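K.L.:
Can you keep this structure in mind? I'll have questions shortly.
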Amino acid sequence: MSNGTSRLRPLVLAARSRRVVESDGFQIVVFCLIVGNAALLGVETYTGAVHQWRDELKTAEHLFLAAFAGEILLRAAACADRPRDFFRDPWNVFDLVVVLLALAPFARDNATALRLLRLARVLRAARFLPQLRIVIVAVGKSLPGTVSFVLVGALLLYVYAMVGWVFFARSDPEHYGSLGRAALTLFLLITLDGLGDAVRGGLEVSRWTILYFASFVLLGSFILVNLLIGVVINSLDEARELEHERAADVPAAPAGPGEPAPLLLARIAAARRALDEIEAGLRTRRDGGVLDDVVRVPDRDDVVARP
C-alpha cells in the first residue's frame, strides 16, 4: 500500500503543477515579473534613485529572485512524473541556469556579473512571445551558415585588402596604409558607405581601379549579403516549422472538469513501466533475429484494465 502511495504522489503533484504552469494566468504573471525586473534594472541606472531607494530596490530584487525561483520549482514539479522532460526543454535549462548563477557566491560578490545575469532574465520574455521565440531559434539555426559566410567574407576581405594596399598605399595611406586599414575600409564599403569618395580616389591613381571597386561591391555587397539573407530566411522557415510542431505536440486539456483521477494516472504509469520493460527486453535479448523466452511478463498489478 505504501509502495503504491509513493508511486502515486509524483503523478498527482505533476498533474496539479502542470495545471498551474499551463494556465494563462500563470503565463501572464511570469511575463509581468520579467517586465517588472527589466523596469527595475532601468531604474537602477539613475544614481539619484539608487541613493534614495537603495533598500527598497534591494528588497525588490530579492522578491523578483524568489519569484523566479518559485517559478522554476513549479515547472520542475510539473515534470515530477518524468524528470527528464524538464531538461529536454532548452528554455527550462536556460531559466534554471540563470536563476542558479544569480544565487552563486561569485555573482553576489561581483556587481557586474550580477547585473549581467539579471539582464539575462529579460531574455526569458521570448518564452512567452512566440514570434520572438521563432526569431531566437532562427538565429541559433543560422549560426553554422553564418560561420561559413564569415569565413568566405574574411577571405574576400583579405585578398582585396592586399590588392588595395599594393595599389593605394602610397596615394591614400590613411585608408590603405596597412592590411588592417585596408580591410577596415573595404568592410565599410560593403555597406556602400563612402563608395563615391573611394572610387574618385581610385580614379586619380588609374582608370582600371574601377574594376577593383566594381568587382568588390558585386561580390561583397550583392552576392555575400544576399547569401546571408538567404541563410537567415531559411532558418526562419525551419524555426516556424519547429514552433508549429511544438504547438501540435501540446496535449489538449481534459474535457471534464476537475483534476484527473489518481487511479487513472497510476494505471497510465504502470502501463508505461510495463512497455519500457518489454522494450528493454526486446533490445537486449535479441540474438540473430530470434527472441529468447526470458522477456519478463509484467505483473498482474501492472496491467492496465481496459475501460
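K.L.:
What number of residues within segment 29-52 are in contact with a helix residue (DSSP H, G or I) (Cβ under 8 Å, 6 or more places away or on another chain) and under 29 Å from LEU129 (Cα atoms)?
P.N.:
The number of residues fulfilling the criteria is 12.
K.L.:
When segment 219-243 is examined, which residues are found to be among the hydrophobic types (A, V, I, L, M, F, W, C) and under 20 Å from LEU184 (Cβ atoms)?
P.N.:
LEU219, LEU224, VAL225, LEU228
K.L.:
Turning to a different aspect of this structure: Looking for whichever is under 30 Å from ALA270 (Cα atoms) and either at pLDDT 85 or above or among the acidic types (Asp, Glu) (or both) here; the options are ASP109, ASP85. Which one fits?
P.N.:
The conditions single out ASP85.
K.L.:
Could you check segment 54-66 and list, in sequence order, the residues that are out of contact with any helix residue (DSSP H, G or I) (no Cβ under 8 Å at 6 or more places or on another chain) and not basic (Lys, Arg)?
P.N.:
Residues satisfying the conditions are ASP55, GLU56, THR59, HIS62, LEU63, ALA66.
K.L.:
Kindly indicate the residue of segment 176-199 that is assigned to a helix (DSSP H, G or I) and at pLDDT below 85 and also most open to solvent (accessible area, probe 1.4 Å) among those meeting that condition.
P.N.:
Step by step, filter segment 176-199, then rank; the result is ASP197.
K.L.:
Here is a further query. Touching an Asp or Glu at 6+ places or on another chain (Cβ under 9 Å) and at pLDDT below 75: does that describe ARG127?
P.N.:
Yes.
The values are calculated or read from the model by the stated rules, or taken from the named source; none is laboratory data. Since the structure is predicted, the reported quantities are computational estimates derived from the model, not experimental observations. Quick reminder, even Gly has a Cβ in these numbers, built from the backbone with ideal geometry, and neighbours come from all protein chains shown. We work out accessible area using only protein heavy atoms, side chains counted, and drop any ligands, DNA or RNA first. Shrake-Rupley method; radii C 1.70, N 1.55, O 1.52, S 1.80 Å.
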